[in-house]
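The values are calculated or read from the model by the stated rules, or taken from the named source; none is laboratory data. The structure displayed is predicted, hence computed values, not measured ones. Cβ placement follows ideal geometry from the backbone for every residue including glycine, while neighbour counts extend to all protein chains displayed. Note: accessible area is taken over every heavy atom of the protein model, side chains too, but ligands, DNA and RNA are not part of it. Shrake-Rupley method; radii C 1.70, N 1.55, O 1.52, S 1.80 Å.
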Amino acid sequence: MKTIQYALLSTLLASSAVFAQVSSSDASSGSASVTASGWIDRGFDDGVALFERAERVNGFKGFRGVLRVNAPMKTVLALVLVRETFPKWVANMLEDSTLPDNNPDASLCYMWIKGVWPTDDRDVVCKVSVSQDPQSLAVSVVAQDTDPKLMPTVKGRVRMAKLYSGFTVRPISANLTEVQLDAIADPAGNVPTLAANMVAKGMPRDTLRALAKLAETPSAVDLSALDSNKFASLAMKKIKLPS
């Protein structure tokens, strides 16, 4: 049974890349309705439109948040593409560092996530890829778990079984950008699914609010990092910004 559950989770993760391509019109649907894309509309919390997946896998839910940020797309990308900034604004993130990698189209990263008492901290090794829709210019930045043996385990940290985290940065106007965050994870270890889902539920809201606070604060974002950060600079070479 456990093998079947993990197979289902892998299937969901493999199909998760399409999450970021679904129109944000989901945010305008009625409360608690199920959208055509399989998301349940959970309404707004602190200005963030929240959704969860209609289906659960191994007891874990997938969550989505959507927020419009009063900042240019380039400013938002300077946060989303530079993973070293993540501890400043991604909920419970203690470290997110880019690992050496020779692939110009995808990069490896190591995430260290704070555990919520009384659980231990979590960590995971992910492969990060970037793509852009040529019509809408929406940029998708997707992190998905990869070979855990690429990084040694650390005492006091539980290596997560599965993780999918996808940002979609969509330009609305010159100074208005929509940001969407999709996430699903199997934290592994002895964590009740109810507790894991409760923690995960608030992650998109808290993360997107913190991102907006930074992006909307003049001088809080280092745009030069898009040139100096290796992964960001490679990504920007294939991204077209709105004119």
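Restricting attention to segment 159-170, which residues are among the aliphatic types (A, V, I, L, M) and at pLDDT below 95? Walk me through it before giving the result.
Initial filter on segment 159-170 (among the aliphatic types (A, V, I, L, M)): 160-161, 163, 169.
MET160, ALA161, LEU163 - these are the residues of segment 159-170 that are among the aliphatic types (A, V, I, L, M) and at pLDDT below 95.
Inside segment 155-169, can you point out the residues that are out of contact with any Lys or Arg (no Cβ under 9 Å at 6 or more places or on another chain), touching a residue at least 40 places away in the same chain (Cβ under 8 Å) and open to solvent by 30 Å² or more (accessible area, probe 1.4 Å)?
ALA161, LYS162
Out of everything in segment 45-62 that is open to solvent by 20 Å² or more (accessible area, probe 1.4 Å) and within 22 Å of ASN190 (Cβ to Cβ), what residue ends up being modelled with the highest pLDDT?
LYS61
Pick from ASP186, ASP227, ASP182: which is acidic (Asp, Glu), in contact (Cβ under 8 Å) with a residue 24 or more places away in the chain and either under 23 Å from LEU79 (Cα atoms) or open to solvent by 70 Å² or more (accessible area, probe 1.4 Å) (or both)?
On the way: ASP186 fails: either under 23 Å from LEU79 (Cα atoms) or open to solvent by 70 Å² or more (accessible area, probe 1.4 Å) (or both); ASP227 fails: in contact (Cβ under 8 Å) with a residue 24 or more places away in the chain.
After applying the criteria, what remains is ASP182.
Tell me, yes or no, whether segment 86-94 has at least one residue that is in contact with a strand residue (DSSP E or B) (Cβ under 7 Å, 6 or more places away or on another chain), open to solvent by 60 Å² or more (accessible area, probe 1.4 Å) and in a strand (DSSP E or B).
yes
Just a yes or no: is a residue in segment 132-154 at positive phi, surrounded by fewer than 20 Cβ atoms within 10 Å (Cβ to Cβ), at pLDDT below 95 and not β-branched (Val, Ile, Thr)?
Start the filter on segment 132-154 by keeping residues that are at positive phi, which leaves 137.
Adding the requirement that they be surrounded by fewer than 20 Cβ atoms within 10 Å (Cβ to Cβ) leaves 137.
Within this subset, residues satisfying the condition of being at pLDDT below 95 are none.
Checked against the condition, which is being at positive phi, surrounded by fewer than 20 Cβ atoms within 10 Å (Cβ to Cβ), at pLDDT below 95 and not β-branched (Val, Ile, Thr), segment 132-154 yields no hits at all.
Looking at segment 103-131, which of the residues that are basic (Lys, Arg) and free of Cβ contacts under 8 Å to residues at least 40 places away in the same chain is surrounded by the most Cβ atoms within 10 Å (Cβ to Cβ)?
Step one: list which residues in segment 103-131 are basic (Lys, Arg), which gives 114, 122, 127.
Retained after the next criterion (residues that are free of Cβ contacts under 8 Å to residues at least 40 places away in the same chain): 114, 127.
Numbers: LYS114: 15, LYS127: 18.
Of everything passing the filter in segment 103-131, LYS127 is surrounded by the most Cβ atoms within 10 Å (Cβ to Cβ).
I'd like to verify a number: residues in segment 162-184 that are more than 19 Å from ALA210 (Cα to Cα) and among the acidic types (Asp, Glu), how many?
0
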